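**Student:** Got a structure for you, written out below as structure tokens; questions coming shortly.
The values are calculated or read from the model by the stated rules, or taken from the named source; none is laboratory data. Worth saying up front: this structure is predicted, and the values here are computed from it rather than measured. Backbone-built Cβ (ideal geometry, glycine too); neighbour counts: all protein chains shown.
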Amino acid sequence: MTESTHPKYRVGLIGCGLSGTTHARAYNENPSTVVVAAVDPDQANLDQFCQRFDSVQGYRTYDEMFANEDLDIVAPVLPVSINADAVVAAAKAGVSAIFCEKPIAASLQDADRMVEACLTEGVKFACGDAFRNLSQYWRAKEIFDSGDLGEIKTINLYDSTAEISGGGCQGLSLVRLFAQDADVDWVVGWVSDDPWSDDDQRMGGVIQFTNGVTAHVHEQSVAKRGIEVIAESGIFYSDHNSFRIWREVAQLTKTQPLQLEEDRDLLPQSDLFRTSYDSEGWRVTTQRTADSIQSIVDSLDHGIDPRCTGDNMRKVLEIAIGLRESHRQGHQPVKFPIQDRSLALYPRPSRWLNKKELLGESQYAETFEVIKKT
């Protein structure tokens, strides 16, 4: 973590539900940020949030918050259906940075207007409490960038998620990271259910990047999970918990396989699959969320892009839509960029809609026990 010399960045949160509360705690635990305002049209949600964070000023609309607060960071933690409008409004309000949740949007045109609004206004735009924000992945990328393992040739993504955009945007973001965020040349793909549905679903296929890197998306559920990056003389593999690198130690002849040796203990494990609670009953913030918050802080402190940008998530959405469009076209290659920006991929109702309306008040209240033990 890079220590900031700037006074604490003032954060305005939009959405005071389960995920919003988790984000707020992570901001308040970071030495460089503090949540000063929050928005939720649901008065019960807003009251509970302001009670838990007693220094926060509550508002029913984000327009009201923008009119009354001097904010550095706006954090929309919202259903996907209303995410685009909130991000665009925040960009136009003159804030310095926006960090929304994933997936970025359903349609390419909504993702376009979000990214373009932030570019026009000079706003740092991050999207997603994502695996891509974990510092171990960036350290692994530094090792590849050093040339020690030769050029990256192939990436395997073992991702059996039933939602290639909702949860699968995590893995596709990592594919793009290790492909040096190169543009996509073409994709060939298939879906698990109905290619003519606009609903999110399991997908697989091949992604060809313009820099020559080829990625394979394995959609079947198998013993291996995560991402495998294969270079000329080394391999990196991670299941998002452990991070392992093998290096070439010998090759007797060109016809024999490389002899690889693991470089042990090079990268520490994450805490992604561990759940613990502090003395007050709050779930301890995971490294992924802490690293995600630190990424937006670093982007402001140093004038750099966040690790998982809105533009990245826009391109991830385009990959997912491209895989489906390939199936619709008889598994023919789909060239990028996709010209029809009205194409969309709608996430599951739990991501698209308000969770309280979806679950009902009683069941919704029970979900908070995940982050706060009473």
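**Student:** When you check T285 against the structure, is it in contact (Cβ under 8 Å) with a residue 40 or more places away in the chain and farther than 29 Å from V115 by Cα, yes or no?
**Tutor:** Considered against the rule, which asks whether it is in contact (Cβ under 8 Å) with a residue 40 or more places away in the chain and farther than 29 Å from V115 by Cα, T285 comes out as no.
**Student:** Here's another thing I want to ask about it. Just name the residue that is nearest to the chain's Cα centre (by Cα) out of those in region 102-140 that are under 16 Å from L172 (Cβ atoms) and of a type outside the set (A, V, I, L, M, F, W, C).
**Tutor:** If we take residues in region 102-140 being under 16 Å from L172 (Cβ atoms) and of a type outside the set (A, V, I, L, M, F, W, C), then G128 is nearest to the chain's Cα centre (by Cα).
**Student:** For region 49-92, name all the residues that are closer than 24 Å to A365 by Cβ and either of a type in the set (K, R) or not assigned by TED's automatic domain parsing to the domain that holds T21 (or both).
**Tutor:** R52, R60
**Student:** Is it the case that Q269 is more than 24 Å from T161 (Cβ to Cβ) and either modelled with pLDDT of 90 or more or in the same structural domain as I207 (by TED's automatic domain parsing) (or both)?
**Tutor:** Taking the combined requirement at face value, the residue does not satisfy it.
**Student:** May I ask you to say which residue of R314, R307, R328 is over 22 Å from Q51 (Cβ atoms), surrounded by fewer than 16 Cβ atoms within 10 Å (Cβ to Cβ) and touching a residue at least 12 places away in the same chain (Cβ under 8 Å)?
**Tutor:** The conditions single out R328.
**Student:** Take the conditions surrounded by fewer than 20 Cβ atoms within 10 Å (Cβ to Cβ) and touching an Asp or Glu at 6+ places or on another chain (Cβ under 6 Å) and apply them to S96. Does it pass?
**Tutor:** Here the answer is yes, as S96 does meet what is asked.
**Student:** Then there's this: Just checking, which of D42, D70, D85, D47 is more than 21 Å from S292 (Cβ to Cβ), out of contact with any strand residue (DSSP E or B) (no Cβ under 6 Å at 6 or more places or on another chain) and crowded, with 16+ Cβ neighbours inside 10 Å?
**Tutor:** So the residue among D42, D70, D85, D47 that is more than 21 Å from S292 (Cβ to Cβ), out of contact with any strand residue (DSSP E or B) (no Cβ under 6 Å at 6 or more places or on another chain) and crowded, with 16+ Cβ neighbours inside 10 Å is D42.
**Student:** Among helices (runs of 4 or more DSSP H) lying entirely in region 266-374, which contain 1 or more residues that are among the hydroxyl-bearing types (S, T, Y)?
**Tutor:** In region 266-374, the matching helices (runs of 4 or more DSSP H) lie at 287-302, 310-328, 349-352, 361-367.
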